[in-house]
Structure formats: structure tokens, C-alpha cells
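Below you'll find the structure, written out as C-alpha cells, and then a few comments.
The values are calculated or read from the model by the stated rules, or taken from the named source; none is laboratory data. Note that the structure is predicted; figures quoted are calculated from it, not measured. Every residue, glycine among them, receives a Cβ derived from its backbone with ideal geometry; neighbour counts consider all protein chains shown. For the accessible areas, the whole protein counts, side chains as well, though only heavy atoms, and no ligand, DNA or RNA atoms are used. Shrake-Rupley method; radii C 1.70, N 1.55, O 1.52, S 1.80 Å.
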Amino acid sequence: MAMTKELPGIVFLAALVLAPAVEAGDSHPREGVEAAAISAAPFGATVQELLAWADQHNPELGAARHETNAAAARVEPAGALADPSFRIELQGIDRNNPNLLPNKVGSTKYTLFQTLPLWGKRDLRREVAEAELNQAKGKNASSVAEVHAQIKTAFAMYYQAQRKIKLNNEILQLMHDLERVAQTRYTHGLVPQQDLIKAQLEQTALQSELIALEAEQHHALTRLNLALNRPSYAALVEPRELRPLPAVLDAVVLEQRILAASPLLAIQGAQVDAAEKNQQLTEKNRYPDLTLGISPIQRGNRLDSWDAMFEINIPLQQDSRRAREREAASLLAASKARQQALANQVQAAFRESLEGLGDASKQAHLLKNTLLPQSELALQSALIGYQSGKVDFATLLEAQRQIKKARLTHLQAEVDQELRLTEIERLLGEEL
């Protein structure tokens, strides 16, 4: 009589433990209870919380912002005139009674002169600085995308480790209840002692696996804190969920967005622009710069006369100049070649990640809607069969292992979706 009361309870327990795996949009047990508990947690329940924290506190991102500000500050002085120069010349100093006061010498010449770069050199220098600013902006965006990708990846690994532990504990609880069922049946002489031993062995294996899973969870937490640039021992609340996938991903449109907005391509494009402007500036150095000056001359206590000065530099070092022009041309060609190579790499990485995302999505859908319900039914059928004596304990264990394997595979597919989506967002430089 105790046996007949125990087994329906076990069937109900299996349904309670395993049913959440097949509900639409929910692959985790007791999600509602956990979500209510975690919602009050201060930090780390979702990846968005971690990204927001990193944007404010990550020193690497702060350094990238400061470098961008520094590059912006270089634009204005790059195109500005050099500071003018001032010179004083004392002439006719009395050798017997030397005096350096301007009105005590024969004459004093004051010269103020200014160098004027011609032929558009100032504009080109400003444009080179603006291209370097665009590089800094691209590096800043790339740093944000890279740090965000590291955090998203580490969060997914931490989430996976947590869910593995939960699943292991649920299966361990189920095996504990099955052991009591086997004990009851063994007491009534309905099954051999081997069933009881198998249940105990399975629990020992699960407990051993739990130790490895807890170590995996610790490593995942350490990696996540490293990505956040926090102490490795810093605590985070239990992750609540992975991000939902975008409803629609148009491959053609998304690829065009990546080619237009990718931080990596933006950096390389700015490098090409800077190399082009620098080549033009190098060619402009064939032409001389102009220096103008004016000189009032003092004799005694009055300005006696004025001089004017006109000066140009003479670019006679042709071999040196041509070598610099060849250098600028080669750097431009190298930048363009790297730009094309990088564009090909980005396109290939995008296509690979998009295909991987599609495969993971298909697998997750298949597992949730087909394999998980089938595995649940197989376990419930095995439980009922074991109650009636039609199924041995080994078959029941196999059904339990199959449902565990199916749920682990489904979890891996969910994590793979997140990793592939993260890679696409890293290439794009923004959230989808």
C-alpha cells in the first residue's frame, strides 16, 4: 500500500521538475519563483546591468574616452599658425662703458616675425588631425564593443554553469526519491537489491559531478569579474536569464550595416583617410613657406626707422623629399590593402556567426518542441512501467539520463545563440 502511494507522487514530482523545460519561452524550473527573488537583487541579474556598470566604471573604457578627447583637442592646434617670434638686437655698444639699456646703445632693433605655411598646408594638417580623431573615435567604439562582448560571453558561461548546477540538483532530488521507491519495492520483495544500489550509485555520480560543476561556476564567475575589471572574488547575484533573440535578422541588411558602421572598419577607413591627407601634405612640402617680419629701430629715446623682412625656405634636399613622398605613398597603399583585407575578414566572420546563430536557433527550437517533451514522456512512462513491474530500474535510469542530456543540450543551444549574437554585435559595434 505504501508503494502505491509513493509512485504516483514520484510521477507528479517528475512532471513538476521536468515540465518547465517544455513550456513556451521557458527552459528553466521554477522561473517565476526565482525571478521574484532575483528582482530585488542589486547587481548582475541580467547582462544589461553588467554592461551599464562597465560603461561607468571600466577603466579601459574610461581610457578610450580620454584618448578620444585628447585627439579632439589636437585638431584646432594642428591647423593653427606657429607662435610668432620676437628678437631684440643691440648695436653700437660702448666698449669702454658697456650698457645694455636700449637708449644707451647706438641703436636697438626690435624684430617681430611670423612664419606662414602656404599652399593649403594648414588645412591638410587639420584634416590629418581630424582623421586621427576619427581613428580615436573608432578605437573607442571598438573598445566598448570588445568589452561588451567579453562581458556577454562571460555572463553566458556563468549562466550556463548556474543552470547546470540547478539541473544537477533537481535530478539528484529525483534520484533520492527514486531510491526511496526502490527501497519500498525491495522491502516488499518486488525488486532485487541491485535497484537500490543503482539508485545510490547514480546519486554518488551526481554528487561527484556537482563538485566539478561548482568549480566550473567559480571559474565562470572569475572570468566574468575579469571582464568587468572587478576583483575576482567579488560577488554577483544569480543570473536570471539570457537576452531574447531579435525577432528578425535580415542577412543582407545586417551585412550592409556592419560594413557601414563596424568600429574595426571605421578605424581602418580613418587610417586610409589620414594616409591620403599625409601624402598630399608631403607633396605640398615641395613648395616653400613664407616668413614675414617687421623691425622698428630705436636710437636714443625715439624710433628712428623701420625695416621689413621677407624670408622663404628653399627645398633643395630633393632626395630626402622624394624619399618622404615614397614613404607616404607606400603607407597609403598599405592602409588600403589592410582595409580590403579587414573588410573580407569582417564579412567572413559575420557570415559564420549568422549561420551559427541560425543553426543554434533551429536546434533549440527542435529540442524544446520535440526532444524535451518526448524525453519527459519517456521518463513518465518508465516510472509507470517500473511501478507495474513491466520496466526494470536500468530502463528508468536511462530515461532519467536522457531527459538530463536533452536539457543540457537545450541549454548549450541557448548559450550558443547568445555567443553567436554577441559576435555579430561585436562586429557591428552596437546592440541588435
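Numbers for the structure displayed
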read-out: Condition met for E146 (part of a helix (DSSP H, G or I), more than 20 Å from Q412 (Cβ to Cβ) and touching a Lys or Arg at 6+ places or on another chain (Cβ under 7 Å)); value: yes
read-out: Test: residue in segment 320-327 that is closer than 21 Å to E430 by Cα, out of contact with any strand residue (DSSP E or B) (no Cβ under 8 Å at 6 or more places or on another chain) and either open to solvent by 70 Å² or more (accessible area, probe 1.4 Å) or in a helix (DSSP H, G or I) (or both); value: no
read-out: Number of positions in segment 115-124 that are open to solvent by less than 40 Å² (accessible area, probe 1.4 Å) and either part of a strand (DSSP E or B) or among the small types (G, A, S) (or both); value: 1
read-out: Filter pass, R240 being among the basic types (K, R), in a loop (DSSP other than H, G, I, E, B) and either open to solvent by less than 30 Å² (accessible area, probe 1.4 Å) or touching a residue at least 60 places away in the same chain (Cβ under 8 Å) (or both); value: yes
read-out: Verdict on F86 being over 30 Å from A328 (Cα atoms), assigned to a strand (DSSP E or B) and out of contact with any His (no Cβ under 9 Å at 6 or more places or on another chain); value: yes
read-out: Number of positions in segment 168-197 that are modelled with pLDDT of 80 or more, surrounded by fewer than 19 Cβ atoms within 10 Å (Cβ to Cβ) and of a type in the set (D, E); value: 0
read-out: Leading residue by the ranking (nearest to the chain's Cα centre (by Cα)) among those in segment 322-332 that are of a type in the set (G, A, S) and farther than 11 Å from E276 by Cβ; value: S330
read-out: Residues within segment 52-83 that are in a helix (DSSP H, G or I), of a type in the set (A, V, I, L, M) and over 18 Å from K139 (Cα atoms), tallied; value: 2
read-out: Some residue of segment 256-278 being in contact (Cβ under 8 Å) with a residue 40 or more places away in the chain, more than 30 Å from D392 (Cα to Cα) and among the hydroxyl-bearing types (S, T, Y); value: yes
read-out: Segment 380-401 residues that are within 13 Å of E179 (Cα to Cα), paired with ones that are of a type in the set (S, T, Y) and part of a helix (DSSP H, G or I) (beta carbon under 7 Å, 6 or more apart); value: F393/Y386; L396/Y386
read-out: Only listed residue being farther than 26 Å from A154 by Cβ, assigned to a helix (DSSP H, G or I) and under 45 Å from the mean Cα position of the chain (by Cα), chosen from A227, A182, A205; value: A205
read-out: Failed item, numbered, when I88 is tested on (1) open to solvent by 60 Å² or more (accessible area, probe 1.4 Å); (2) at pLDDT below 85; (3) more than 30 Å from L281 (Cβ to Cβ); value: (2)
read-out: Of residues in segment 243-277 being of a type in the set (A, V, I, L, M, F, W, C) and in a loop (DSSP other than H, G, I, E, B), the one nearest to V415 (Cα to Cα); value: L245
read-out: Flag for Q339 being in a helix (DSSP H, G or I) and within 38 Å of the chain's Cα centre (by Cα); value: yes
